[in-house]
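The values are calculated or read from the model by the stated rules, or taken from the named source; none is laboratory data. All values derive from a computational prediction rather than experimental measurement. FYI the Cβ positions are ideal-geometry reconstructions off the backbone, even for glycines, and counts take in every protein chain you see. All accessible areas refer to the heavy atoms of the entire protein, side chains included, with ligands and DNA or RNA removed. Shrake-Rupley method; radii C 1.70, N 1.55, O 1.52, S 1.80 Å.
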Amino acid sequence: MKIRNLLIITVMCSFGLGSCVDLDLEPKGQYGEAEFFGSESGVETFFAGMYGWLPIEDFLFRADDPSNPNDAGYRKGNYNGYDAWGTWEAQKHQLATMCGEFIGPDQVNNNGANFWRYDRIRDINSFINSFPQYKENFDETKYNELLGEARFLRAFIFSGLVKRYGGVPIITEIQDPAADTEILNVPRNTEYDCWKFIYEDLKFAGENMTSAPDKYRGTKWTALALQSRLMLWAATIAKYTQYVNYTGEEAYDRGFAGMSADRANEFFQYSFDASKELIENGPYELYKANPDLAQNFHDLFFDENSNETIFFKNYIHHDIFPREAWLIGHSYDALMLPTPTMSNFVGSQAYPSLDAMRRFEGVPSLVDATGAPRRWENPADFRNELEPRMRGSMYLSGDNYQGIVFNIRRGLYKTFTWQASEILNGGGNEAPNLNGNRVLSNDVNATYSDGIDPSKNTHIPINSNGSINIIGMQGMRNTGGAENNCLTGGYVRKYIDETRELGRIVEHSSFQPWIVFRLAEIYLNHAEAAYEMGNREEANKYIREIRQRAGCKNLDISTNPADLDQWDYSKTQVVYPIDPGLQFIRDERYRELWGENQRWWDLKRWRVADRILEQWIPRILTCYYVVDEDRYIFLDEREQSTRTYNANRSCYYQSIPGDEINKNPNLLPQNPFR
């Protein structure tokens with residue numbers, strides 16, 4: 001089946017035409033069970049519908065879905081514009097902003113978006129149970145490939161439940177709605193049993209699915225990638241849940257939320273084995289097409305022929321469906337670039353914090369040996385020593401988007417004679433900011449002329465009337481509002497399409513795929529599992545390869561605490577002792593996967609979310625022009641809306657939906673702290 005047709009069918013079967021996979025009902029029109037399951041094209045059509053339901057948290061995923069999570073219609077497809085997987089406002093409410101990778105409108109949401117997809121599991125079970133009746137229509141290899149693909153899809157969808165709710169009912173047969181309630185009210189299985197069930201599905205899938213690479217559809221390699229990710233999740237849940245105080249919580253005591261620590265190595269091994277087979281025998285390699293390593297890192301997300309991409313989620317162009325339709329384009333560029341210079345919509349919604357910047361190699365000190373702010377002739381020089389991977393992930397002052405140079409300046413100082421330590425928050429009551437010495441604005445066109453001398457002020461553009469602009473064209477405005485206001489001193493570059501036609505960057509007009517699995521993540525999974533199992537040489541091998549591609553100067557895993565992110569390291573040690581080398585691997589995961597919607601889940605599986613996101617105050621990089629020196633300074637200030645992030649222990653497991661409990665009381669006990 002051609003890819004374009006597969007995508008069309010995916011949308012039709014996933015949005016508004018979900019009845020085409022209600023195979024337990026009477027055949028509708030020309031499509032019944034035999035038409036779907038009796039031929040390869042029919043099976044592919046059926047599977048296309050299932051791919052639309054995979055729990056892929058992409059450009060369209062909204063972390064704080066505003067609909068009622070206990071509304072049964074919400075889970076059955078009656079979204080009315082409020083589904084977590086289908087809103088244009090997703091960039092306003094991303095997982096990356098929820099956990100502090102980006103700074104935008106959203107913050108920690110301990111509840112998350114529900115995913116109770118037993119309707120789709122029922123559809124796949126229909127196939128798995130009925131497909132043997134049509135075995136004679138297929139040769140042995142193709143039959144097993146298709147059965148393996150079904151079990152891959154079931155494992156993927158089922159994992160979306162288990163990651164959120166822990167132990168849930170394992171259902172493999174088709175239930176009769178007319179059966180007795182004793183049969184229909186299936187009790188929860190333990191979390192261990194659920195992860196073991198997922199492993200068995202993925203093991204079968206990996207042994208039977210095709211080994212021909214296909215970025216649009218599951219293969220042996222996609223199954224191994226999913227096993228690599230999910231079994232690492234299960235392993236760390238097992239190892240670190242013991243450090244959460246679940247005393248007296250029945251769901252924990254009965255094994256529905258959490259697992260015994262002695263199960264950890266079993267799952268670490270499953271992850272290790274899958275990663276190793278994929279790395280050593282799969283047709284993939286780290287993307288290294290461009291000798292400019294910053295551009296190379298950016299471009300790996302756009303080259304659809306990249307051998308690093310294992311599986312991605314694609315989007316359909318407007319010539320097929322209305323622009324506002326679900327899965328028809330997305331709005332990432334329009335909602336992450338500033339307006340009016342780049343975006344033609346409402347403009348940027350989220351930005352990299354100074355904390356995120358400092359995790360990368362080469363970020364310069366903002367102060368000199370005396371503790372005074374360093375002086376810079378050109379703000380763009382801040383970028384000179386940054387590791388290329390950071391340059392490929394973020395836009396800073398001096399960077400270029402289609403001929404437009406970013407100018408991200410918060411304001412100016414008439415004079416600056418203070419230590420950097422005297423600016424803690426960037427508030428108006430701090431000594432350097434009193435008596436009108438600091439000048440800010442909400443208007444990018446606002447100007448300042450007092451004391452400006454073209455013969456002396458040579459490092460800043462001077463307008464024809466002898467004035468200078470108070471702030472940069474791309475910010476920062478003097479307001480805490482996130483929309484089109486660079487809150488942090490930088491913009492997101494990762495996943496931004498740099499080939500877009502200026503003047504046409506609007507909502508639902510972006511089509512770059514979302515990469516679900518890429519080889520670098522598998523390297524990181526493998527390194528973490530290897531290190532946890534004591535194989536540090538194996539871990540270092542793959543960390544070196546990632547850091548070499550990233551353009552880092554220091555390639556090896558460091559065990560020097562000075563090289564670690566100090567906030568994460570100190571906060572984690574409050575929960576449990578952690579080897580510095582393991583913390584370095586976690587930090588490296590942050591750097592490589594920054595902005596790819598994995599950080600929130602990592603904090604949850606390591607059981608440190610409620611500590612690392614405890615009284616966490618984002619810091620921002622602010623640039624000012626000092627008029628009497630004709631120089632620039634960068635300051636470390638508090639983000640303007642003065643928010644403080646806090647997660648709590650309830651975030652590790654979401655509530656079992658109340659209406660599901662009303663239908664099936666055997667889903668009790670409710671999850672811890674719920």
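If R0 is 56 Å, the Cβ-Cβ spacing of S39 and Q269 corresponds to a FRET efficiency of close to 0.90. Annotation: the stretch 168-241 has a Kirkwood hydrodynamic radius of 14.5 angstrom, from the mean reciprocal C-alpha pair distance. Only Cα pairs under 8 Å and 6+ residues apart enter the sum, and on that basis the relative contact order of the stretch 522-640 stands at 17 percent.
If you place +1 on the Cβ of every Lys and Arg and -1 on the Cβ of every Asp and Glu, how big does the dipole about the Cα centre of the chain come out, in debye to the nearest 20? Let's see the in-between values first.
Working: 70 positive and 94 negative charges, 228 e Å.
That gives a dipole near 1100 debye.
One decimal place: the segment I617-D119 gains 175.2 nm when fully extended, by the rule 0.36 nm per residue minus the C-alpha distance.
Where Rh is the Kirkwood radius over the Cα pairs of the stretch 170-298, the temperature 25 °C and the viscosity 0.890 mPa s, what D in µm²/s does Stokes-Einstein return?
Values: Rh = 17.5 Å.
Stokes-Einstein gives a translational diffusion coefficient of 140 µm²/s.
Please report the carbon-and-sulfur percent of the accessible area for the stretch 530-674; probe 1.4 Å, protein heavy atoms only, DNA, RNA and ligands left out. Present the calculation step by step, with values, prior to reporting the outcome.
On the way: 2190 of 4980 Å².
On the stretch 530-674, the fraction of accessible area on carbon and sulfur atoms equals 44 percent.
Stretched out straight at 0.36 nm per residue, the stretch from D556 to I174 would grow longer than its current Cα-Cα span by 132.4 nm. The separation of the stretch 230-287 from the stretch 599-626, counted between C-alpha centres, amounts to 24 Å.
In a simple Cβ point-charge model (Lys, Arg +1; Asp, Glu -1; nothing else charged), the stretch 528-674 has a dipole of about 500 debye relative to its Cα centre. Surface composition of the stretch 347-439: carbon and sulfur atoms hold 47% of the protein heavy-atom accessible area at a 1.4 Å probe.
Between F302 and S260, take the C-beta separation as r, use R0 = 35 Å, and let me know the FRET efficiency to the nearest 0.05. According to the calculation, E is roughly 0.20. Please say if the stretch 566-674 is rounded, prolate or oblate, where rounded means a/c under 1.5 for a ≥ b ≥ c the square roots of the C-alpha gyration tensor eigenvalues, and otherwise the choice is prolate for a/b larger than b/c and oblate otherwise? Since a/c reaches 1.5 and a/b is larger than b/c, the shape of the stretch 566-674 is classed as prolate. With a ≥ b ≥ c the root eigenvalues of the C-alpha gyration tensor of the stretch 414-498, is it rounded (a/c under 1.5), prolate (a/b larger than b/c) or oblate? It comes out oblate by the Cα gyration axes. Multiplying the residue separation of E501 and N437 by 0.36 nm and removing their Cα-Cα distance gives an extension gain of 18.9 nm. As a fraction of the 1.4 Å probe accessible area of the stretch 141-285, surface on carbon and sulfur atoms comes out at 44 percent.
Helix content alone sets the calculated 222 nm mean residue ellipticity of the chain: runs of n ≥ 4 DSSP H residues at -39500 (n - 2.57) each, divided across all residues, give -10000 deg cm²/dmol.
Considering only alpha-carbon pairs that sit under 8 angstrom and 6 or more positions apart, the relative contact order computed for the stretch 286-422 is 20 percent.
Here the simple spin-label model places points 7 Å from the Cα toward Cβ, and for I462 and E280 these points are separated by 6.8 nm.
The stretch 374-416 and the stretch 531-576 have Cα centres spaced 28 Å apart. Based on C-alpha pairs under 8 angstrom that are at least 6 apart in sequence, the chain has a relative contact order of 18 percent. Specify whether the C-alpha gyration tensor of the stretch 107-198 places it in the rounded, prolate or oblate class, a ≥ b ≥ c being the square roots of the eigenvalues: rounded for a/c under 1.5, otherwise prolate if a/b is larger than b/c and oblate if not. Since a/c reaches 1.5 but b/c is at least a/b, the shape of the stretch 107-198 is classed as oblate. Placing a label point 7 Å from the Cα of E483 along the Cα-to-Cβ direction, the residues of the stretch 403-442 whose backbone N falls under 18 Å from that point are 442. For the chain, the per residue solvent-accessible surface stands at 37 Å², with DNA, RNA and ligands left out and a 1.4 Å probe. Legend: P(r) of the stretch 276-402 from all alpha carbon pair distances, 5 Å bins from 0, whole percents, reading 2, 8, 12, 15, 17, 17, 12, 8, 5, 3, 1, 0, 0.
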